[in-house]
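Encoded as structure tokens, the structure appears first; notes follow it.
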Amino acid sequence: MIHKSVVAFLSLLLLLGLADPAFAEDKPSTIEITGRAAVMALPTTVTISFAVETDSPKAQAAVRDNAERTERVLAALKKVSDKDTNLRTTGFALSPVYEKTERVIGYRVRNTVVLESKDLDKTGTFIDDAAEAGASRIGNLSFSNDKEEDLRKEAGLEALKHAVKHAEALAKAAGMTVKRILKITYDSREHPIVMREAAPAAARTPIAVGEIPVQVEVHVTFEVN
């Protein structure tokens with residue numbers, strides 16, 4: 001059993017501790033700002049995915065037909081590619097095809113080939129020749145730059161400058177000043193320009209290559225007083 005005088009003594013210590021600033025948690029006033037910036041650059045690499053789809057009542061026939069069409073697509077792409085072009089298979093899928101009664105009426109095979117090339121002038125040729133050779137779907141056309149890491153750093157510095165400028169303006173409007181930066185979160189993910197999947201076009205495909213934005217976001221927490 002705890003004596004009443006002991007309880008009173010502990011309560012007094014607790015009150016003194018709460019009243020003493022040394023025991024209280026110091027939570028500074030803060031402003032959180034998101035700064036954004038983009039650096040424009042010409043792309044150096046194009047990436048395109050080509051999907052070959054085949055249907056057949058028998059799974060084995062669907063696989064065989066798909067292999068033949070995929071080889072034709074690869075041959076067509078290799079014919080117009082230089083030695084630095086990278087061609088690779090990234091996905092293969094075999095799935096049943098159902099009718100409305102959920103009865104299996106056949107099988108579908110999908111094989112995906114990805115091309116990476118620095119020969120940007122042949123982008124339209126890659127698409128057209130693959131379509132003529134048997135590609136069913138063409139998509140995820142993206143452009144990138146070999147020096148994107150350096151470009152993201154440059155954009156990150158600009159984004160931070162914007163965040164500081166906005167924080168100072170907001171603090172001034174509130175009658176305060178920015179004391180220091182407490183935290184910086186840097187979004188360094190790549191944001192390539194992408195064309196989603198589409199069926200091959202009947203006409204020749206014009207591709208105009210222009211500058212691409214390398215975008216960065218920084219989330220900054222400022223202490224103000």
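Listing for the model above:
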quantity: Strands (runs of 3 or more DSSP E) contained entirely in region 97-194, each with at least 3 residues that are among the small types (Gly, Ala, Ser) and in contact with an Asp or Glu (Cβ under 7 Å, 6 or more places away or on another chain); calculated: none
quantity: Residue check for Asp55: open to solvent by 70 Å² or more (accessible area, probe 1.4 Å), more than 30 Å from Phe222 (Cβ to Cβ), part of a strand (DSSP E or B) and touching a Lys or Arg at 6+ places or on another chain (Cβ under 9 Å); calculated: yes
quantity: Residue list for region 66-89, filter: outside any helix (DSSP H, G or I) and within 19 Å of Lys118 (Cβ to Cβ); calculated: Val80, Ser81, Asp82, Lys83, Asp84, Thr85, Asn86, Leu87, Arg88
quantity: Verdict on Thr112 being farther than 21 Å from Asp55 by Cα, polar (S, T, N, Q) and crowded, with 19+ Cβ neighbours inside 10 Å; calculated: no
quantity: Residues located in region 1-54, provided they are among the hydroxyl-bearing types (Ser, Thr, Tyr) and modelled with pLDDT under 90; calculated: Ser5, Ser11
quantity: Selected residue (criterion: farthest from Phe126 (Cα to Cα)) from residues of region 62-72 that are open to solvent by 20 Å² or more (accessible area, probe 1.4 Å) and aliphatic (A, V, I, L, M); calculated: Val63
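The values are calculated or read from the model by the stated rules, or taken from the named source; none is laboratory data. Just so it is clear, the structure is predicted and the values come from calculations on it, not from any experiment. Heads up, the Cβs are rebuilt from the backbone with ideal geometry, glycines too, and the neighbour counts pull from every protein chain shown. Calculation scope for accessible area: heavy atoms of the full protein, side chains included, ligands and nucleic acids excluded. Shrake-Rupley method; radii C 1.70, N 1.55, O 1.52, S 1.80 Å.
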